[in-house]
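K.L.:
First the structure, which I've put down as structure tokens, then a few questions once you've had a look.
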Amino acid sequence: MSSKEKYETAKLPTVPIRDVVIFPYQMIAFVIGRESSVQALEAALQTDKRIFLVTQHDASIDNPKTTDVYQIGTIAGIVQSLKQPDGNTKVLVEGVERARVLQITEEEGYWRANLRLSPFRGQSFTGYDAVAGRLLQQYEQYVKLSQSPNPEQMLAAAHVDDVGRLADVICSNLTLTIEEKQELIELFNPVERCKRLVDVLDIEIEKLHVERSVQNRVKRQMERAQKEYYLNEKIKAINRELGKKDEKSELDELRKKIEAAGMPKDANDKAIQELKRLEMMPSMSAESTVSRNYLDWLIAMPWKKRSREIRDIEVAEKTLNEDHYGLDKVKERILEFLAVRQLVKKPKGTLLCFVGPPGVGKTSLGMSIARATGRKFVRLALGGVRDEAEIRGHRRTYIGALPGQIIQMIKKAGMMNPVFLLDEVDKMSVDFRGDPSAALLEVLDPEQNATFQDHYLDVEFDLSQVMFIATANVLHTIPQPLQDRMEILRLPGYTEYEKAEIAKRFLVKKQIETAGLLNEQIAFSDDAVGTLIRSYTREAGVRNLEREIGSVCRKVARAVVKEGPQYNMKVTAENIIDYAGIPKYRSSRLEEKHEVGLVTGLAWTEVGGEILSTEATLMSGKGILTLTGKLGDVMQESAQAAMSYVRSRAQMFGIPKDFYQKLDLHIHVPEGAIPKDGPSAGITMATSLVSALTQIPVHSDLAMTGEITLRGKVLPIGGVKEKLLAAHRAGIRTVILPKDNQKDLADIPLNIQQDFKVHFVENMDEVLKIALLHAPIPLIEDVPVASEFRGNIGDSGMQESIMH
């Protein structure tokens, strides 16, 4: 094979490269990482160190095919290769000449290309001085305009005699796109390449001229802006020295906003005074920022803006009924408020306090009231608040001072007459920073809140048009002066019937929508809802009931995704266990048969009413009374009073008068981990003691509550509605209550009253006559004369009752 034929064609290892086009005479370094490219490099190093480099069409392709590369590339000589710690290889190559791909084959894991070399190789193009001169002139102009960091080096590399080499050197130094560079490398004829390069340089020079012009214009504008800023600052300084005002400053805008804010005279005077102080301050001083923030707060307050109220009682009643079921007393009070608003032009503010267990709808009721009256609604959570400044704000002398939450919420509402919900008012704390409940006294007093003064604003703001609604779970943690300023409305909890209605009307629809289900895909039977209420929740509200319904809906949603949209399910009492799991609660009636010493009592808790079993038992001993079940002081004193009562009536009950010398008595209230207190278990413990000492069983289907005195009188107690609802949930239908609590039955729904047989009693004799299976048999032979016994019995009627 001759030398000429050898260079006409060649077969070399090939590496596809990305984002770069390599020209002849160009020295460039790049990194090789692909396994096939590394093998091609090694093959080239083992022969004549020549390798063919061809550019990919798409640089994002990691494993290109032969069709993914251009057909013309550059044969390069490998100058240096270096293995890197990450496994890649850094290569330094120098372009030699162009070549066209005839065929690319894959051999031994890498590409090898059959190439046809340039037909102009080996020819000299030294007679084209005009073309070369024009090209060199354009290139020098381009280098000057491009502001290259090494212009001398770029120009020195272009001083060559051969026009082909000149064109390639210039191409390698131009900032062009991959497509433009590939177009240049595909021109084998050096003269044509030079002509094309002259056109390219003309375009690039024009671009650089435009860019230079834009830069100069921007620079001039910046210089002019800086000059104006400097002169403006100088004018301001001169005006300050002369005592003149800067009419174009922001102070004029602030003055206009103050005039348009509609502030009362005192507040307006305060704002104008502060504005004058601001004018005299340096604009960059810290004090000017404080004054500006203060003026912004004064301007932002809604001094005159009011919501247009809906005073139509029928519309308001419809809105309240749409949002909540039951709660008749609260709804009546809201409608009364609206009726007064129609008759009185300027009524005093309304201050309501909703008290009830969690989940009965206190917070949502406040939102409903805002919707019914057409007012804005804002909510302030007071749980854990222990700083008086949270209510009244900080004085402006402190860094970062802000108004209190009352003023902040009024600003958020943007109106003077919003519905303002003070949530969890019973959970405020007190520490060395003050008592926030004391700060609320002014806010919630209709006689004072028209002139409420926040520490930060330091001017009076009228809160008398705000409708304040507080919510609380209990009242005993709220200070009495604060209670005195609020109208207390109790939300005792829902009956089972009310919970079922709420679930059907609101909760089921809401949870079906939340789970992404259609109404056709799931349905709840009335029995299923009832089972969820009785066996899966134990609460006064409906929050846990909503969670259980949501849990069922999510399981059905999973089945719909698995089975397809045609899946549907009706949840019934029979299959509810498959969706809600094992029932969490069993019936609170622990015993079905009548037992000695076991009495069912009724208790009030913060989450509603509960039934509370009380056990009494006897042991040989020396008259020690043991009380267990984590009983509080008041409850222990009730047990002592019950014991004293039983001892004073021992012979009338047929109990040996010296029983307390021979027997120990133990009273236990189960669920011992839960603290219990209060006097209402007095008659329950007395009945339990009498039953244990007389060995007469107590009716198991009966519950009782009431305070006992040493004379056996039964005194009234609180929480009647909650206790009766608890008895109803437990299936108890006979209840003993103090006679003075008869008035409280008016709060019990009629459908619940009809299920109960309520006995109203005045003394323990009546309690025992109802509770015990039969009356105790007195020890006739040991009965003392009346004069000896009168002091303990109290009245003769009690003796006659027991005798009968």
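K.L.:
Of Y294, G564, V385, which is farthest towards the positive pole of the chain's charge dipole, taken about the Cα centre with +1 and -1 on the beta-carbons of Lys, Arg and Asp, Glu respectively?
P.N.:
Positive-most Cα among the choices belongs to Y294.
K.L.:
Using the Cα centre as the reference, give the magnitude of the dipole from point charges on the C-beta atoms of the chain (Lys, Arg: +1; Asp, Glu: -1; all else neutral), rounded to the nearest 20 debye. All intermediate terms of the calculation are to be shown ahead of the outcome.
P.N.:
Working: 107 positive and 113 negative charges, 301 e Å.
Dipole magnitude for the chain comes out near 1440 debye.
K.L.:
Right, something else. What is the extension gain from R395 to E186, computed as 0.36 nm multiplied by their sequence separation minus the C-alpha to C-alpha distance, in nm to one decimal? Each step should come with its number before you reach the end.
P.N.:
Details: separation 209, 0.36 × 209 = 75.24 nm, distance 7.84 nm.
Result for the pair: 67.4 nm of gain on full extension.
K.L.:
Based on the Cβ-Cβ distance of D19 and T67, what FRET efficiency does E = 1/(1 + (r/R0)^6) give at R0 = 22 Å, to the nearest 0.05? Mind showing how you got there, number by number?
P.N.:
Values: r = 19 Å, r/R0 = 0.86.
FRET efficiency, D19 to T67: 0.70.
K.L.:
Sort 352-363, 165-176, 615-626, 425-436 for me by packing, meaning the mean count of neighbouring Cβ atoms within 10 Å per residue, highest on top. Please list the in-between numbers first.
P.N.:
Details: 352-363: 22.6, 165-176: 20.8, 615-626: 14.2, 425-436: 17.0.
Output ranking for 352-363, 165-176, 615-626, 425-436: 352-363, 165-176, 425-436, 615-626.
K.L.:
Which value in Å is the Kirkwood Rh of the range 372-468 over different Cα pairs? If you can, show how the numbers build up before the last one.
P.N.:
Working: mean 1/r = 0.0734 Å⁻¹.
Evaluated on the range 372-468, it is 13.6 Å.
K.L.:
Run a plain Debye calculation on the chain (Cα atoms as equal point scatterers, no solvent) and give log10 I(q)/I(0) at q = 0.07 Å⁻¹, rounded to two decimals, same order as the q list.
P.N.:
After summing over all Cα pairs, the log10 values are -0.82.
K.L.:
Let me ask another. Just grab the label-to-label distance for T451 and E520, each label 7 Å out from Cα along the Cβ direction, in nm (one decimal).
P.N.:
6.8
K.L.:
Which percent of the accessible heavy-atom area of the range 251-401 goes to carbon and sulfur, probe 1.4 angstrom? Provide the component values of the computation, followed by the final result.
P.N.:
Working: 4320 of 8310 Å².
Taking all protein chains in place, the range 251-401 shows 52 percent carbon and sulfur surface.
K.L.:
Which residue, M635, A616, T495, has the largest displacement toward the positive end of the dipole of the chain when charges sit on each Cβ (Lys, Arg +1; Asp, Glu -1)?
P.N.:
So the residue we want is T495.
K.L.:
Report the label-to-label distance for D202 and K630 in nanometres (one decimal), using points 7 Å from each Cα along the Cα→Cβ vector.
P.N.:
Spacing of the two 7 Å Cα→Cβ label points: 9.6 nm.
K.L.:
Please find the FRET efficiency linking R224 to F120, where r is the Cβ-Cβ separation and R0 is fixed at 35 Å, and quote it to the nearest 0.05. The partial results should precede the final answer.
P.N.:
Numbers: r = 56 Å, r/R0 = 1.59.
Between R224 and F120 the formula returns 0.05.
K.L.:
Need one number: nm distance between label points at I777 and E279, each 7 Å from Cα along Cα→Cβ, rounded to one decimal.
P.N.:
Output for this residue pair reads 10.5 nm.
K.L.:
If packing is taken as the mean number of other Cβ atoms within 10 Å per residue, what is the order of 469-477, 379-387, 642-650, highest first? Don't skip to the end; give the middle numbers.
P.N.:
Working: 469-477: 18.9, 379-387: 16.3, 642-650: 21.2.
Listed from highest to lowest mean packing, they are 642-650, 469-477, 379-387.
K.L.:
Follow-up question, since we're still on this one. Can you give me the long-range amide H partners of E97? Hydrogens built in the peptide plane at 1.01 Å from N, cutoff under 5 Å, separation of 5 or more residues or another chain.
P.N.:
Those qualifying (amide H under 5 Å, at least 5 residues apart or on another chain) are I75.
K.L.:
In deg cm²/dmol, rounded to 500, what helix-only [θ] at 222 nm does the chain give when every DSSP H run of at least 4 residues adds -39500 (n - 2.57) and the total is split over its residues? Spell out each step's value before the answer.
P.N.:
Numbers: 30 runs with 343 residues, N = 804.
That calculation yields -13000 deg cm²/dmol at 222 nm.
K.L.:
Expressed in nm to one decimal, what extension gain is obtained for the pair K236 and R558 from 0.36 nm per residue of sequence separation less their Cα-Cα distance? Walk me through the numbers on the way to the answer.
P.N.:
Working: separation 322, 0.36 × 322 = 115.92 nm, distance 7.07 nm.
Value of the extension gain: 108.9 nm.
K.L.:
Sticking with this one: When only DSSP loop residues count, what GluC sites (Glu not before Pro) in the range 440-514 have their Cβ near at most 13 other Cβ atoms within 10 Å?
P.N.:
Working: sites: E442, E447, E460, E487, E496, E498, E501, E513; in loops: E447.
Here the GluC sites (Glu not before Pro) that fit, given the DSSP loop and packing criteria, are E447.
K.L.:
Largest first, how would R98, R547, R485, R311 line up by accessible area (1.4 Å probe)?
P.N.:
R547, R311, R485, R98
K.L.:
Sequence-distant or interchain residues sharing an amide H contact under 5 Å with T350, placed H: which?
P.N.:
F468
K.L.:
Here's a follow-up. Return the lysines within reach of K207: Cα separation strictly under 26 angstrom, same-chain partners fewer than 8 residues apart disregarded; answer none if there are no such residues.
P.N.:
K144, K181, K195, K219
K.L.:
Tell me which residues come under 5 Å, amide H to amide H, from G621 once H is placed; ignore anything under 5 positions away on its chain.
P.N.:
Those lying under 5 Å, H to H, from G621 are L663, D664.
K.L.:
Here's a follow-up. For a quick protection proxy, order the peptides 131-138, 531-538, 339-346, 565-572 by their average other-Cβ count within 10 Å, most packed first. Don't jump to the answer; show the numbers that get you there.
P.N.:
Numbers: 131-138: 17.2, 531-538: 20.9, 339-346: 10.5, 565-572: 14.8.
For the peptides 131-138, 531-538, 339-346, 565-572, the packing ranking is 531-538, 131-138, 565-572, 339-346.
K.L.:
At 24 Å minimum axial length over the Cα atoms and a Kyte-Doolittle cut of -1.0, report the qualifying DSSP H helices in the chain, or say none.
P.N.:
Numbers: long enough: 129-146 (25 Å, -0.35); 190-242 (76 Å, -0.92); 543-563 (30 Å, -0.47).
Those that pass (Cα extent of 24 Å or more, hydropathy at least -1.0) are 129-146, 190-242, 543-563.
K.L.:
Could you calculate the contour length gain from H209 to D431, that is, 0.36 nm times the residue separation minus the distance between their Cα atoms, to one decimal place in nm? Don't jump to the answer; show the numbers that get you there.
P.N.:
Values: separation 222, 0.36 × 222 = 79.92 nm, distance 7.26 nm.
The H209-D431 span can extend by a further 72.7 nm.
The values are calculated or read from the model by the stated rules, or taken from the named source; none is laboratory data. A quick note: this is a predicted structure, and the numbers were derived from the prediction, not measured. Using ideal geometry, Cβ is built from the backbone for each residue, glycine included, and neighbour counts are taken over all protein chains shown. Quick note on the areas: whole protein, heavy atoms, side chains included, nothing else; ligands and nucleic acids left out. Shrake-Rupley method; radii C 1.70, N 1.55, O 1.52, S 1.80 Å.
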